[in-house]
Amino acid sequence: MKNPLLSWLYTIFLLILSIILVGGITRLTNSGLSIVEWRPVFGFLPPLNSLEWDRIFLLYQKTPEFIYHNNQMDLSSFKKIFFWEYLHRVLGRIIGLVIIVGGWIIYKKGLLSKKDNIRTLVIGLLVVLQGVMGWYMVKSGLVSRPDVSHLRLSAHLGLALLLLQIVFWWILDIIVPKFKNKVSTRFLLIAKVILGVTSLQIIYGAFMAGLKAGFAFNTFPTMGGFIVPPSLFILEPVFRNFIENPIMIQFLHRGLAWILVIGVIAFHLKARKNKELSSQQQLAIFSLRITTMIQFLLGILTLIYVVPLHLALLHQIGGVLMLSSAVFTVHVFQSK
């Protein structure tokens, strides 16, 4: 690829996508609390001898997760969960280096506009913030509870997705021509609403993961035979149910999925009838419909098969693709 700026952005995009996927595996294999130290510089190196392995394993043995759940774990099993958390952290450092070193090289080549300089600074700051939030999340599972806070988990994932979509938008600015017509404003509003609902749905997906709410009901389309299950409002005050009650979380996650599927299909049908839309605009809406329907199906399968690792990971990938399709759709209707 001859465009160094575009090559740099593609590299960052793929690395962020990779760390999101590894983060999903880390969560699904319960590996996230295996490293109890935060060493931003020297943490790049893995344990290099048996004494270091023993030291790190001993630290893990003092955590609530080991005490309550994994007290039969030996060093060999510990190394397996350590691998995923270590890889997750290493990828974070690599992303930071690629942004800093690559950004400096491109800046010295004079390939960045003033707007691009700001974008580079923003993504650099977001990477730092993401690292801090990651450690803040891990700390929540090292004190008294054997799980991380689902609120911090959602913030950690949200920052990663925000970073990914900022880079994606920048790529789209370079490779996708803008096409302005008189129907763009109306379609743009619909696309923004869908993007907003999709973002909310992903937050509730993170709540589902953090609270293990996917195990609450594993039937579809009903929740244990109920359209509206009991125990939606068992917590006081009432607002806590919307962020802490696993049953309410799953109910809302399902409801938002239905809203998105119906809304996106209607949006696509409306777009197909409009001859004024460009090929890029039609493609964006079509990609949004496809990713939404696939994600809906993956969500159903993940539930009824009781959250197996491979389906849960595919469901997380589907969420990223659906969000990216929504961003793509907003972009092609956004005037300069």
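No lab work stands behind these numbers, since they all come straight from the coordinates. In this text, all values refer to a predicted model and were calculated from it rather than measured experimentally. Please note: Cβ atoms are built from the backbone with ideal geometry, for glycine as well, and neighbour counts cover all protein chains shown.
Numerical summary
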quantity: Fluctuation leader among Ile227, Ile290, Ile99 - the chain, Gaussian network, Cα springs under 10 angstrom; calculated: Ile227
quantity: Ser144-Tyr10 FRET efficiency (beta carbon distance; Förster radius 51 Å; 0.05 resolution); calculated: 0.75
quantity: The chain, helix-only ellipticity at 222 nm - DSSP H runs n ≥ 4, -39,500 (n - 2.57), divided by all residues, nearest 500; calculated: -24000 deg cm²/dmol
quantity: Radius of gyration, Dmax [the chain; alpha carbons; angstrom]; calculated: 21.7, 69
quantity: Computed over the stretch 1-175, the ratio Rg/Rh where both radii use C-alpha atoms and Rh is Kirkwood; calculated: 1.04
quantity: Surface/4 of the Cα convex hull for the stretch 247-336, nm²; calculated: 6.5
quantity: Cα-derived Rg to Rh of the stretch 57-134, Kirkwood definition; calculated: 1.24
quantity: The chain: most fluctuating residue of Phe233, Phe57, Phe13 per GNM, C-alpha cutoff 10 Å; calculated: Phe233
quantity: Where trypsin sites (Lys or Arg not before Pro) fall in DSSP loop in the stretch 111-201, at most 12 other Cβ within 10 Å; calculated: Lys180, Lys182
quantity: Separation between Cα centres of the stretch 1-66 and the stretch 234-254, rounded to whole Å; calculated: 31
quantity: Volume of the Cα convex hull of the stretch 177-336, divided per residue and given in Å³; calculated: 114
quantity: Greater than 32 Å apart at Cα, pairs in Lys115/Lys192; Lys80/Lys115; Lys115/Lys275; Lys80/Lys212; Lys192/Lys273; Lys80/Lys139; calculated: Lys80/Lys115; Lys115/Lys275
quantity: Local electrostatic count, Ala326, Cβ distance below 13 Å [Lys/Arg +1, Asp/Glu -1]; calculated: +2
quantity: Kyte-Doolittle mean at least 0.5, axial Cα span of 30 Å or more - DSSP H helices of the chain; calculated: 4-28, 75-97, 114-139, 150-175, 184-211, 246-272, 279-304, 309-333
